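See below for the structure under consideration.
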Amino acid sequence: MKREMNRVHLQGVVKKKGTFTLYAEGEFFPGVHLITGKVGSGKTSLGEILAGIHTPDEGTISWEGNMRVMLLQDTSYHVTTITVREEAASWHGNADQIISLAGLADKKDTDLFSLSRGELKRLILAAILTGKYDIIVLDEPYAGLDNEARKWVNRIIEISENQVIVIISHDITSLPDVQYLWEMDEGKLFCIGRVPEELKNWNRPPPLVRYLWRNGIILEGLARYDLEKAVCRIPE
Amino acid sequence: MAGILSIPSCTIKPGICAITGPNGSGKTSFLKLLSGIIHPERGTVIIRGEDPDRCTIGWVGEYPDRNMLFTRVYDELASPLRFAHFSCEEIEQTIKTLASDLGITHLITREIRGLSGGELVLVAFGAALIAKPDLLILDETDSHLDDEFCFRLDVIIKKSNIRHVVFSTHRPERMATADEIIILDEGRIVSQISLLDKGNREFDERLQDPWFWRRVYKHIPGDS
C-alpha cells in the first residue's frame with residue numbers, strides 16, 4: 001500500500017519577463033511551505049511556474065507522484081459560471097460540501113459577482129482545499145479574508161495529508177503550522193529551511209519577527225498560536 | 001447589492017480612519033456611500049458640508065489596475081486634471097512634482113502594461129492624489145502589500161495632507177496607523193474607537209491590539 005511521495009523539483013529554473021528575471025531551484029516535499037518576499041520579488045511568477053501555468057525559459061521543473069496540481073489565483077479568474085450552486089458543481093468534489101464549508105448555504109442562487117470579496121474567496125478556497133489535489137499553490141490565500149475565515153482555511157490545511165501545500169504570502173500573522181520557509185528576493189528563490197530550526201537564517205524577516213528577536217524571543221513556529229505565545233513573552 | 005447598511009449617525013473626524021469587520025459586513029458598501037458611488041436610500045452623507053457628489057474623491061482598490069483607463073502612466077496620472085480642463089503646462093508641472101514625491105519619475109513614460117504590482121499601486125495612488133481629493137479611499141489596498149511597502153504609502157499619505165483618508169483592512173497591524181477605527185458587523189457600526197489616546201480598551205489577543213503594533217513599528221523602522 002505504499003504511495004509514491006508527491007514532490008515538485010525545480011532545477012536551474014530561469015524565467016524572464018521584460019527586465020525581470022526569476023531564478024529558482026529546490027525541492028518541495030509534502031507539507032506546508034511558506035514563500036515570503038517583498039512586493040515585486042517574483043512570488044506570483046514562481047507560483048505560476050510551480051503550478052505549470054508558465055514553463056521556464058531554462059532549467060526543468062518536474063512533478064513527481066500523483067501530480068494533480070491546483071493554483072489559487074485572484075478569485076475572479078476562477079469564476080466560470082453564474083451562481084454559487086453552479087460554480088460549486090463545476091469543481092471536482094461534492095458541491096454541497098463545498099457550499100456548506102464556504103458558509104454559503106443560504107446563498108446558493110446568488111450571482112457570484114454580488115458576493116462580497118471574502119465570500120467568493122471562501123467558495124473558491126473550499127473547492128480547492130476539498131478537491132483532493134496533490135499540489136496546492138495558494139497565492140495570497142488570506143487577502144480579503146476576515147479573522148474567522150483565516151482560521152477556517154488553516155484548519156483545512158492542517159488536516160491535509162501527503163499534499164504539497166505552498167502558501168505565498170507576506171502576511172505572517174495568520175498562518176497554519178508551516179514546515180518549510182522559502183524567500184523570494186529580487187527574483188531569486190532562497191530556501192531558508194525547516195521551521196522553526198532554520199528561522200534564524202531568514203534574510204528579510206518582517207518587522208514583527210525582528211521585534212521578537214530583538215527582545216530575545218525565539219519562535220517555536222510560524223503558526224498564529226506560536227506568534228501569540230511569542231508576543232505574550234515580550235516584557236511589558 | 002452585497003451589503004445593506006444601517007447607520008443612524010456617524011461622524012468621522014479629519015485624519016486617517018480604518019474600517020474593519022467580518023466578510024460581508026458592509027465595508028466596501030460603506031466606502032462606496034462615502035464616495036458617492038452609491039447613494040443611501042434614506043439619510044444623507046455630508047463631507048465638510050457638501051454632498052459626496054460635489055467633492056473630489058480618490059479611490060484605490062485591491063487591484064488598482066482594474067480601475068485604470070489609459071494605457072500610458074502619464075495619461076493615467078493626467079486624466080483627472082484633463083477631465084477638469086486644466087492647461088497642458090499645469091498638468092505637466094503637477095505630474096512632475098507628484099511623480100517625484102511618489103518616487104515614480106522613471107515610470108511616467110512607461111506603459112501601464114508591464115508594471116509590477118507595487119508600481120501599479122504607486123501609479124494608482126498618483127492618479128488618486130493628483131486632483132487633491134477631499135477624501136481618499138483605500139479599499140483593502142494593503143491586502144497584497146508587504147509591511148515595508150505599506151510604510152512607504154503611509155509616508156506618502158501623511159505628506160499629502162488630505163483632510164480625510166478612509167481605508168478598509170483586515171489587518172490589525174495596518175489599523176495601528178489610523179487615528180480612529182470603525183468596526184462594522186452586519187451593516188451596522190458596532191464600535192468606533194479613537195487611537196489618539198490609549199484609553200483602557202482591552203483586546204483579547206495581543207496581535208489584534210493596534211497599540212501593540214505601534215510598539216513594534218516604533219522599535220523596528222520600515223527598512224531592514
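The values are calculated or read from the model by the stated rules, or taken from the named source; none is laboratory data. From a predicted model like this one, the values you see are computed outputs, not experimental measurements. In this analysis, Cβ positions are derived from the backbone assuming ideal geometry, glycine residues included, and neighbour counts consider all displayed protein chains.
Here is how the numbers come out for the structure above:
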| item | result |
| --- | --- |
| For A:ILE35: the one exception among (1) surrounded by 16 or more Cβ atoms within 10 Å (Cβ to Cβ); (2) modelled with pLDDT of 95 or more; (3) out of contact with any Leu (no Cβ under 7 Å at 6 or more places or on another chain) | (3) |
| Test result for A:LEU50, within 14 Å of another protein chain (Cβ to nearest Cβ) and either at positive phi or in contact (Cβ under 8 Å) with a residue 12 or more places away in the chain (or both) | no |
| Residue within the stretch B:182-192 that is within 12 Å of chain A (Cβ to nearest Cβ), over 18 Å from the mean Cα position of the chain (by Cα) and over 30 Å from B:ASP53 (Cβ atoms) present | no |
| Flag for B:LYS32 being away from chain A (no Cβ under 14 Å), of a type in the set (D, E, K, R) and within 16 Å of the chain's Cα centre (by Cα) | no |
| Selected residue (only one of B:GLU148, B:GLU119, B:GLU92 is part of a helix (DSSP H, G or I) and modelled with pLDDT of 95 or more) | B:GLU92 |
| Residue that is farthest from the chain's Cα centre (by Cα), among those in the stretch A:220-236 that are modelled with pLDDT of 95 or more and assigned to a loop (DSSP other than H, G, I, E, B) | A:GLU220 |
| Single residue of A:LEU123, A:LEU145 found to be aliphatic (A, V, I, L, M), within 12 Å of chain B (Cβ to nearest Cβ) and assigned to a loop (DSSP other than H, G, I, E, B) | A:LEU145 |
| Exclusive hit being in contact (Cβ under 8 Å) with a residue 24 or more places away in the chain, of a type in the set (D, E, K, R) and either surrounded by fewer than 22 Cβ atoms within 10 Å (Cβ to Cβ) or within 11 Å of another protein chain (Cβ to nearest Cβ) (or both), set A:ASP111, A:ASP96, A:ASP106 | A:ASP111 |
| Qualifying position, being surrounded by fewer than 18 Cβ atoms within 10 Å (Cβ to Cβ), over 28 Å from A:GLU183 (Cα atoms) and touching a helix residue (DSSP H, G or I) at 6+ places or on another chain (Cβ under 8 Å), among B:SER79, B:SER160 | B:SER79 |
| Among residues of the stretch B:54-76, those that are over 25 Å from A:TYR77 (Cβ atoms) and within 18 Å of the chain's Cα centre (by Cα), counted | 4 |
